[in-house]
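Report on the structure given below.
The values are calculated or read from the model by the stated rules, or taken from the named source; none is laboratory data. These numbers were taken from a predicted model, which means no experiment stands behind them. Cβ atoms come from the backbone with ideal geometry, glycine included; neighbour counts cover every protein chain shown.
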Amino acid sequence: MTVLALSLPVEFEEPAWLWLMLLIPLLAAAAIRSLSGLDAPRRVLAVMARSVVIAVMACCLAGVQRVRRTDDLTVMFLMDRSYSVQALEGQQEDFIREAAKGMPPKDRLGLIDFARQAFLQQMPERGGYYIPAGRLPTMPGTDRTNVTAALRLAMAAFPHDTAKRLVLLSDGNDNMGDVLADARRARADGIPIDVVPLWYEHANEVYFDRLVAPTYAEPGEQISLRMILQSYKAVAGVVDIYANGELVEIPESQRRVRLAPGSNSFVVKLPVRSTVTQSYEAVFRPDEPALDAISLNNRARAFTFVSGGSRALLITSDPNQDRGLAEALRSEQVAVDMKTSEQLGEFDLPAMMSYGTIILSNVPAATFTEEQQKALAVYVKDMGSGLIMTGGDEGFGAGGWIGSPLEEVMPVSFEIKHKRVIPRGALVLIMHSCEIARGNYWAKEMAKKSVDTVSSQDYFGLLAYTYSPGGENWEVPLDVNTNKDAVKKKIDRIQVGDMPDFGATMQMAFTALTSGRGRDAAQKHVIILSDGDASAPSSQLVSDYIKAKITVSTIGIGWGNHVMETVLRDIAQKTGGRYYAAKNPKQLPQIFSKESKVVRRPLLVEEPFRPSVVLPGSELLAGLDPGEAPPPLNGMVLTTAKQNPNVLVPLIRSTSDGEDPVLAYWQYELGKTVAFTSGFWPAWGEAWTRWPKFAKFWAQLVRWTMRQDSLANFDTYTRVEGNRARIVIDALDKDATYLNNLMQKARVVGPDNRAVPANFTQTGPGKYEANLDVERAGQYLVNVQVYEGGRNLGTLRTGLTVPFSPEYRDLKPNEALLRQIAETTGGRWLDGGAARGDVFRHDLPPSEAKQPAWEWVLSWLVLPAFLLDVAVRRLASRLALSICVEVMILVVLLVGAGVHAGPWWSVAGALLFAELVGWTIRYPYIRPMLESLTHGVRTMAHAGERSEAALGQLKTTRERVRGERLAGGEIAEEGDTRGGAVEPPPIPLAGAGRRFDVGDEAAHAAAGDLSEALGGAMASGESGTQPPSARKGKDDAPAEDLTSRLLRAKKRAQREKKDE
Amino acid sequence: MVVPAFHFRREVALLVAFGAGLWGCERAPLTDSGVMGVFGELGLAPGCFHYPRAIAADPRGTVLVVDKSGRIQRFTATGGLVGGWRMPETEAGKPVGLTVHPDGRVFVADTHYHRVLVYDASGLQVGAFGSEGTGDAQFQLPTSVAIDAEGFIYVAEYNGNDRITKWSAGLEFLQTLAVGPIEGRSLSRPTGLVFDDEQTLWFADACNHRLVRLSRNGEILTTFGRLGRGPGELRYPYSLSISPERTLLVCEYGGDRLQWFSKEGRSLRTWGRSGRRLGELSGPWAATYGSNGTVYIVDSMNSRVQILQP
């Protein structure tokens, strides 16, 4: 900022406040009266100062902004690094490097690369492109092109005070989001998007268009799989088919295919050999790989629901423990499959849909991935299936299920809220900066995840080495984890630094857990997230941990490489924790739910009790005799029944400290769930397994939760076109008449396990269609409830598969879209190398940067003006006042306007200006002094001249007289005597006290006497000096004025007194 | 003309105080800090830094700085960029140690690749030694390199392998100098190797917050320092340098300051405090005396180098 900033225009946010300036004349009028005691210049200054204060305050209220105009330019390059243009990365980098060569020194260049996500690789910086060739970090998620993300990131990363231009290097095959909408936004912001098209064309290509399988099949039925392949040339090859991951044997004649140019269709017949949903995958392998440019698009998937009757799936962590339960169910004719988590295979939603209900028997949350947990929740609420969870030491909250998607669908909350005395756990996280790219990001994500997993009754704390203040700090002090959102926000803001050693933070954690806030915790656990390059803790500290029974788990973040494991492994092993080498970010959530559950041990109750029946009429307790109580149990997991009228709790454990649900159930959206918080046969429920009604009780639970499939018998078909899918229902009744005006409630669950509604509209007689976005490759399940006038006609279930990303289908650039982007935003079409020079052309309107200036105005104008106002009225001396004004002007200019940072001449100018104003103010005060000074000197000089002249005259007179005397005799002596009597006259007393012009008057007197003596001979030397009488009169005037004024005032006062 | 009562001295004093106050609140903290200059700011542009961590002064008057973008940049004594080069690999991590050989070669402790790379003055790699491991001629996260008057090379490392090893001028492994407990405490992250005028080796036992003086044969001559923020106390000393007066300059990463010690361990003075302004430091990894007697401080979190007239 230089002095020039002052001269730049300003704008106001709310100009209405400027009306306050109307107060200025009023104030001025008032001030003239109230300040009448001051002399005129001071009055003017005071009024001016006050006016400035008012005006500036009005400006502040009006939100004054400084507007800076500049024609500096920032160019952001958006570099497409998706699969389709991977081969052209070098070409793109060359373009940017060449363009950077021509950039003016004040312009800035930034780089964003993108595929599925966008990343800022170079902040907008002056001077060029600084990333060496081939050194851009590996791009994750190249299976998509997301121009929108890049545009949004770029618009956020632009500096605000320059003109802006985007240069998009892409093939235009955008397959996420709506680019043109964001392009219009860019245009609204005045940002043109120049487009550099990336040209390519795949001439030899085969891709799997789709695989079509029937939606439903019976076990043992022969189904037809139809394969549709597109080819550019005649190609020979083989097709392999996998069912649920296993290769299906088909005759060689069917396996071997010859593709003609264009669309090719083949049919393979297969028997359905299982009772579970069949997921088929077909893969085409050309004999000559050269005839197929992209191999990722040579596979397609489809699935078929197998109506295997109502089956239940019992997932167990230990088959021995649950064998009794499975057998009991089978004895009641419930079809049940028991599997351990390892036997589940690809356990996605279609696989889950093979079963009507799923029992999770003492299974910890870490058994399932985050996606599988979501799928389980969707399986219940959107697919209308059942879920039963039983306890054990790894069920419910003790199994790390707190905060999981399943907690939402269960009738109990996994946290305990109704207890007076709550056994707490304490978890301390130690975050160490990770050297690898995005290491700290993942560490933070996991920290947030563990905040969720830890119950709100537990202690949570986070330690990190940070820089304000420098050192090891409790970024989240160890305390009860009640405000999870605030803690997560805080974690986002942490700037994790290089921690020299683990000892210091581990010592802090130890102190807090043993003598600080966490000392009463029943379970204490520490997790260290690190890449291992900090120094090991002392052996003394480690043995302290062992003594205090604080376990430490360590997680090495480095994706299999780049982790210094020795120290991490050592700490975990010695303290009884575990070491995890996280191979990829996807593993982290599971590691964390496993680790965080350590602190949930206190949720277990391991003492015998007899459950009490509180809802004897409950449908789940049918068969229980009145007054009969179920057998005792030896343990359970503490939970809290949800406060919802749909939640029924027929069995409880009653204690003096409240009631804990043992059995709770409800219907949640389309599905039904049951929580049985005991279990863990035979350790806790040994008496139950011997109870004669055990089998019946469990069969009742399973049957109640089982999904009720009353399928509406309509034809459906689905079709995927790019990013859109179409679902069509043909509704005919038994008599083949069209069913019109049906209502559909449809939910579509994609590969991300999120359910979204689909809207069906009637497009013809008995024909209904819905369109939906299918942005991810994978399987989509559609669940449609069909209603006719409020009556449910049944459920319709279908599915569709997006075999691979549309990214792998792009055979040439989408020129039309690219041109449209350029046209929409007023950008240019930069095709070919010659266009590089145009990138930094300054043909954009100058940018305006508005900066709020009220703080500046307040501190550098209001304050000085206010002080000036005080100074004007209070500082008695005008000299002091002038210095005050001078200093203030200097301060405002030098510091406020930043002139001190400017060139020397601006500093000198400010100084000069301040001096000028200062001297203007003190001039009236200084003037008389100066005048008298100059006057005295002048008069003395004149006096000298005069005396010489007088002497000359004297001499001439004497000569003349002597001549006369010589002519007349004795008179000469007399004349001499008269001449000898000429002496300096006495100094007149009347003038002695007057200022400094003593000598002047004396000279006058002397000259006057002389002239008298000489008989007016001085007349010629008098010019320039005033006659003494005139001077005297003038000099006395102010004194007389003052005296007479005082006299007059006295008389007036006396008169007024008399009048009273 | 009426001359008002004139309490000249009082009023002028008030005015001066007022002006000085306004002026001072803007600028006072920077005076007397001794900072002569500063160079670098956050960025990838030449002359910018992304978390610089090590500095070395070339006896010919330039200084070299390595940062977390894996670049080694050479600057003039006043901070003008001369040139630079890049580390061959940076995915696993970046170097934290840098030393200039009297013959102009640059030794880089390529910490996360467990080796020392040797470059000629122009940045051409002319040698490398060490590999990952805990045996002889192997390293675990080497932090610092020093060269004695006879050309022997000394390397410090940590991560459970906390020791100092001695190498011949021909880059051959010779012996392990310091390993095992000193005064009852095992070495924890030795770093900041430097030779003084008597050809004894000083280093910082960073996580024990102390300094150690070794003979060239590995005998322990002196140790001093303990954790704290007072004079004579240390918080993660990360780098050492010998002043022209033969005192010891210590850069405290955790203390955000510099401290000078006599060879006997007496604290002579401290400089700096936490912050972002000039004269303030945030996580400084290294400080070194330049050939002109000024001190260059790598102010890591502020991504800059401050030049101090000590």
If you take the residues of the range B:35-59 that are among the small types (Gly, Ala, Ser) and in a strand (DSSP E or B), which of them is farthest from the other protein chains (Cβ to nearest Cβ)?
-> B:Ala57
Check whether at least one residue in the range A:365-381 is in contact with a Lys or Arg (Cβ under 7 Å, 6 or more places away or on another chain) and of a type in the set (Phe, Trp, Tyr), and report yes or no.
-> no
Those residues of the range A:446-470 that are surrounded by fewer than 23 Cβ atoms within 10 Å (Cβ to Cβ) and either within 28 Å of B:Gly254 (Cα to Cα) or among the hydroxyl-bearing types (Ser, Thr, Tyr) (or both) come to a total of 6
Those residues of the range A:450-469 which are outside any loop (DSSP other than H, G, I, E, B) and either of a type in the set (S, T, N, Q) or within 21 Å of A:Glu370 (Cβ to Cβ) (or both), in sequence order = A:Ser450, A:Val451, A:Asp452, A:Thr453, A:Phe460, A:Thr466
Tell me, yes or no, whether the range A:635-646 has at least one residue that is over 25 Å from A:Gln457 (Cα atoms) and hydrophobic (A, V, I, L, M, F, W, C).
-> no
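Per-residue answers, yes or no, for (1) of a type in the set (A, V, I, L, M); (2) over 23 Å from B:Gly43 (Cβ atoms):
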position	(1), (2)
B:Arg60	no, yes
B:Val66	yes, no
B:Ile72	yes, no
B:Gly80	no, no
B:Arg86	no, no
B:Lys94	no, no
B:Val108	yes, no
B:Tyr113	no, yes
B:Ala121	yes, yes
Looking at the range A:866-891, which of its residues are crowded, with 22+ Cβ neighbours inside 10 Å and over 24 Å from A:Ile926 (Cα atoms)?
-> A:Val891
Can you tell me which residues in the range A:244-280 are within 47 Å of the chain's Cα centre (by Cα) and either under 18 Å from A:Pro803 (Cβ atoms) or assigned to a loop (DSSP other than H, G, I, E, B) (or both)?
-> A:Asn244, A:Gly245, A:Val276, A:Thr277, A:Gln278, A:Ser279, A:Tyr280
In the range A:573-608, what count of residues is obtained for those that are farther than 20 Å from A:Phe414 by Cβ and either within 14 Å of another protein chain (Cβ to nearest Cβ) or in a strand (DSSP E or B) (or both)?
-> 6
Candidate set from the range A:870-892 (those that are more than 10 Å from chain B (Cβ to nearest Cβ) and at pLDDT below 80); member that is nearest to A:Pro159 (Cα to Cα) | A:Val872
Go through (1) within 13 Å of chain B (Cβ to nearest Cβ); (2) touching a Pro at 6+ places or on another chain (Cβ under 9 Å) and name the single condition A:Val895 misses.
-> (2)
Enumeration of residues in the range A:485-502 that are without any contact (Cβ under 8 Å) to a residue 40 or more places away in the chain and surrounded by fewer than 21 Cβ atoms within 10 Å (Cβ to Cβ) = A:Asp485, A:Ala486, A:Lys489, A:Lys490, A:Arg493, A:Gln495
Hey, A:Ala30 within 23 Å of A:Ile921 (Cα to Cα), in a helix (DSSP H, G or I) and more than 44 Å from the chain's Cα centre (by Cα) or not = no
Odd one out for B:Phe107, checked against (1) out of contact with any His (no Cβ under 7 Å at 6 or more places or on another chain); (2) part of a strand (DSSP E or B) | (1)
Unmet criterion (only one of (1) at pLDDT below 55; (2) among the aromatic types (Phe, Trp, Tyr); (3) touching a Ser or Thr at 6+ places or on another chain (Cβ under 6 Å)) for B:Trp23 = (3)
Of the residues A:Gly826, A:Gly902, which single one is more than 14 Å from chain B (Cβ to nearest Cβ), surrounded by fewer than 16 Cβ atoms within 10 Å (Cβ to Cβ) and either in contact with an Asp or Glu (Cβ under 7 Å, 6 or more places away or on another chain) or small (Gly, Ala, Ser) (or both)?
-> A:Gly826
Output the number of the condition that A:Phe676 fails; it satisfies all remaining conditions of (1) surrounded by fewer than 18 Cβ atoms within 10 Å (Cβ to Cβ); (2) touching a Gly at 6+ places or on another chain (Cβ under 8 Å).
-> (1)
Being among the acidic types (Asp, Glu) and more than 36 Å from the chain's Cα centre (by Cα), is that true of even one residue in the range A:853-872?
-> yes
Considering the range A:533-549 alone, what residues qualify as being within 14 Å of chain B (Cβ to nearest Cβ), over 18 Å from A:Met564 (Cα atoms) and touching a Phe, Trp or Tyr at 6+ places or on another chain (Cβ under 8 Å)?
-> A:Leu541
Select from the range B:118-168 the residues that are outside any loop (DSSP other than H, G, I, E, B), more than 21 Å from the chain's Cα centre (by Cα) and more than 14 Å from chain A (Cβ to nearest Cβ) and list them in ascending order.
-> B:Gln125, B:Val126, B:Gly127, B:Ala128, B:Phe129, B:Ser131, B:Lys166, B:Trp167
Inspect the range B:81-99 for any residue being more than 14 Å from chain A (Cβ to nearest Cβ), within 27 Å of B:Gly61 (Cβ to Cβ) and surrounded by 20 or more Cβ atoms within 10 Å (Cβ to Cβ) and give the result as yes or no.
-> yes
Among (1) under 17 Å from A:Ser553 (Cβ atoms); (2) surrounded by 22 or more Cβ atoms within 10 Å (Cβ to Cβ), which single condition is A:Asn481 missing?
-> (1)
Scan of the range A:138-163 for residues that are within 14 Å of chain B (Cβ to nearest Cβ), assigned to a loop (DSSP other than H, G, I, E, B) and under 23 Å from the mean Cα position of the chain (by Cα), ordered by number = A:Pro159
Of all residues in the range B:131-151, which are hydrophobic (A, V, I, L, M, F, W, C) and surrounded by fewer than 17 Cβ atoms within 10 Å (Cβ to Cβ)?
-> B:Ala137, B:Ala149
Residue satisfying all of: in the range A:214-243; part of a strand (DSSP E or B), β-branched (Val, Ile, Thr) and within 50 Å of the chain's Cα centre (by Cα); surrounded by the most Cβ atoms within 10 Å (Cβ to Cβ) among these = A:Val239
Based on what the data block shows, is A:Thr957 in contact with an Asp or Glu (Cβ under 6 Å, 6 or more places away or on another chain), surrounded by 13 or more Cβ atoms within 10 Å (Cβ to Cβ), more than 24 Å from A:Ser877 (Cβ to Cβ) and not aromatic (Phe, Trp, Tyr)?
-> no
Give the residues of the range A:218-240 that are of a type in the set (A, V, I, L, M) and either touching a helix residue (DSSP H, G or I) at 6+ places or on another chain (Cβ under 7 Å) or closer than 26 Å to A:Leu811 by Cα (or both), sorted by residue number.
-> A:Met227, A:Ile228, A:Leu229, A:Ala234, A:Val235, A:Ala236, A:Val238, A:Val239
If you take the residues in the range A:494-532 that are over 18 Å from A:Gly471 (Cα atoms) and in a helix (DSSP H, G or I), which one is farthest from the other protein chains (Cβ to nearest Cβ)?
-> A:Asp520
